[in-house]
Amino acid sequence: MQCRICGRQASEADYCKFHRRAYRNIVKNYRAWNEALGLSWKEYLSEIAKNSVTGIWAKEVAECLARNGEKADVKIS
């Protein structure tokens, strides 16, 4: 299986180890961003993609998720 973004060998969920780590961080940090700024998932992904301090792998994952309309496994309690 290949990474849906870069074509490297994918470990799980269609991402290579680099994009998978970025994916996990994006999902993990959504709750804090939502509580602080009241951003929807789509707005959050947009903010990640345009933030100048966001790493390239996270930007690529955020853009991929936004483009495909994926909600991921985000949980807000």
Within the set of pairs 6 or more residues apart or between chains, which connect a residue that is over 21 Å from E60 (Cβ atoms) inside segment 26-42 to a residue that is of a type in the set (S, T, Y) and crowded, with 16+ Cβ neighbours inside 10 Å with Cβ atoms less than 8 Å apart?
N34/Y44
I'd like the full set of residues that are among the hydrophobic types (A, V, I, L, M, F, W, C), closer than 22 Å to C3 by Cβ and out of contact with any helix residue (DSSP H, G or I) (no Cβ under 9 Å at 6 or more places or on another chain), limited to segment 22-53.
V27
Answer from N68, N34 - the residue that is at pLDDT below 95 and either in contact with a His (Cβ under 8 Å, 6 or more places away or on another chain) or surrounded by fewer than 16 Cβ atoms within 10 Å (Cβ to Cβ) (or both)
N68
Taking interchain pairs and intrachain pairs at least six residues apart, which have beta carbon atoms under 6 angstrom, with the first residue in segment 1-25 and surrounded by fewer than 15 Cβ atoms within 10 Å (Cβ to Cβ) and the second part of a loop (DSSP other than H, G, I, E, B) and aliphatic (A, V, I, L, M)?
M1/A10; Q2/A10
Looking only at segment 54-67, how many residues end up being under 14 Å from A22 (Cβ atoms), free of Cβ contacts under 8 Å to residues at least 24 places away in the same chain and not acidic (D, E)?
3
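The values are calculated or read from the model by the stated rules, or taken from the named source; none is laboratory data. Since we're looking at a predicted model, the values are computed, not measured. When we count neighbours, we look across all protein chains shown, and the Cβ atoms used for this are built from the backbone with ideal geometry, even at glycine.
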